[in-house]
Amino acid sequence: MFTLGVCMSFQIYILGIIIAICGNFLISISLNIQKYTHIRQSQRGTRPYYTSRLWWCGILLMGLGEMGNFAAYGFAPASLIAPLGCVSVIGNAIISVVFLKETLRASDVLGGALALTGTYLLVTFAPHSAPHVTANMVERCLISWQFLIYFVVLFCLLLYLYKCRNVKHIVIVMLLVALLASVTVISVKAVSGMLTETVRGSHLQLTYPVFYIMFIVMVASCAFQIKFLNEAMKMFDATEIVPINYVFFTASAVVAGILFYEEFYGLSIIYIIMFVLGCLLAFTGVFLIARSRPKIKMDRVFISMGQIPGKTSTDKVQPETKDSKYGTLASKFVCNSGVQDDS
């Protein structure tokens with residue numbers, strides 16, 4: 001019976017990894033579909049991008065990818081699912097080179113190799129099991145001193161520096177985003193985990209008020225996360241924000257998994273060291289891939305995807321992410337996937 005239980009637990013863990021990888025890959029496909037739509041609509045000079053059916057297909061894929069990530073938190077530790085966001089960065093780089101004909105740089109190849117190596121180490125040495133998320137467990141963890149110090153004290157300090165002392169440094173802003181992102185991860189795993197427990201039939205979790213509290217926290221933290229990220233996009237360049245956001249988000253998600261869900265409890269030192277090494281390799285790979293990319297060669301894009309005759313190319317193929325009419329949507333994409341939607 002014990003062997004059977006361990007085998008089932010491992011299968012659930014692998015299922016969570018597969019769902020997360022597929023979800024992040026769908027997000028990278030979505031971003032490139034939307035990017036191509038911006039290029040096409042700008043080339044035609046007709047209706048806005050959001051009137052295109054192809055753009056809405058990209059949005060649908062984005063939703064499916066995010067649903068996959070949401071479901072994955074119910075099967076695998078949060079400290080593993082969050083770093084797997086680098087899959088969307090790798091997928092975005094590959095798709096943009098193959099289909100959008102962007103230039104393949106040496107840093108892209110090196111970054112992809114490092115990110116893949118880091119992903120392998122993360123999957124191999126991450127905690128292979130996590131406690132079942134129940135309403136009683138979430139209630140207990142919410143009032144734990146570790147979580148209260150981590151979130152309440154740190155958040156109040158950062159908010160004081162940002163609002164009262166007017167410290168607008170990119171690190172302060174992105175730490176605020178990352179801290180809110182860690183609360184989003186905690187609440188997403190709580191909601192997903194309680195839904196998973198309910199579906200399994202082990203115990204009905206939807207009758208507990210904490211389930212609905214965590215759902216509200218999930219929506220609110222995501223909304224404020226987008227707000228602060230949007231402010232960062234107005235003050236700083238996207239090529240700075242993308243890698244910093246991914247690093248800070250992943251680190252905060254890992255810390256949240258350790259403090260809130262005790263996911264590293266009982267893990268050996270060598271496993272922790274190799275997991276940290278995997279994170280560092282993934283961080284370095286994402287930084288190399290996400291750094292400033294050359295402009296897309298418009299003529300090559302339309303030759304391969306169906307060139308529109310009689311139109312001239314243009315450099316500005318989509319609104320800047322810091323544009324007020326486009327900022328919220330772009331921030332949502334960067335917030336969730338850590339991928340830059342370049343023009």
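The values are calculated or read from the model by the stated rules, or taken from the named source; none is laboratory data. Small disclaimer: the values here were computed from a predicted structure and weren't measured. Methodologically, a virtual Cβ is constructed for each residue, glycine included, from the backbone with ideal geometry; neighbour enumeration extends over all protein chains shown. Note: accessible area is taken over every heavy atom of the protein model, side chains too, but ligands, DNA and RNA are not part of it. Shrake-Rupley method; radii C 1.70, N 1.55, O 1.52, S 1.80 Å.
To the nearest 10 Å², what's Tyr36's accessible area with a 1.4 Å probe?
My reading of the accessible area for Tyr36 is about 30 Å².
Region 95-134: Rg/Rh from Cα coordinates, Kirkwood Rh?
Ratio value, two decimals: 1.28.
If amide hydrogens are placed 1.01 Å from N in the peptide plane, which non-local residues have theirs closer than 5 Å to the one on Gln205?
Residues meeting the amide H criterion: Thr198.
Apply the Karplus curve 6.51 cos²θ - 1.76 cosθ + 1.60, θ = phi - 60°, to the phi angles in region 253-264 and return the couplings in whole Hz, x for Gly and Pro.
Computed from phi, the couplings for region 253-264 are 5, 5, 4, 4, x, 6, 6, 8, 9, 6, 6, 9 Hz.
Going down the list Lys35/Lys234; Lys168/Lys189; Lys189/Lys227; Lys163/Lys189, which pairs span over 25 Å between their C-alpha atoms?
Pairs exceeding the cut-off: Lys168/Lys189; Lys163/Lys189.
Accessible area, 1.4 Å probe, largest first: how do Asp237, Asp108 sort?
Heavy-atom accessible area, descending, gives Asp237, Asp108.
Quick check: residue separation of Glu240 and Tyr265 times 0.36 nm, minus the Cα distance between them. What number comes out in nm?
5.6 nm
Which Cα, out of Ile90, Val152, Met194, lies furthest along the positive dipole direction of region 65-217 (beta carbon charges, K/R +1, D/E -1)?
My answer, from the dipole projection, is Val152.
Round to the nearest 10 and report in Å² the accessible area of Leu267, as given by a 1.4 Å probe over the protein chains' heavy atoms.
For Leu267, solvent-accessible area is about 40 Å².
Ignoring ligands and nucleic acids, what accessible area does Glu262 show with a 1.4 Å probe (Å², nearest 10)?
Result for Glu262: roughly 110 Å² accessible.
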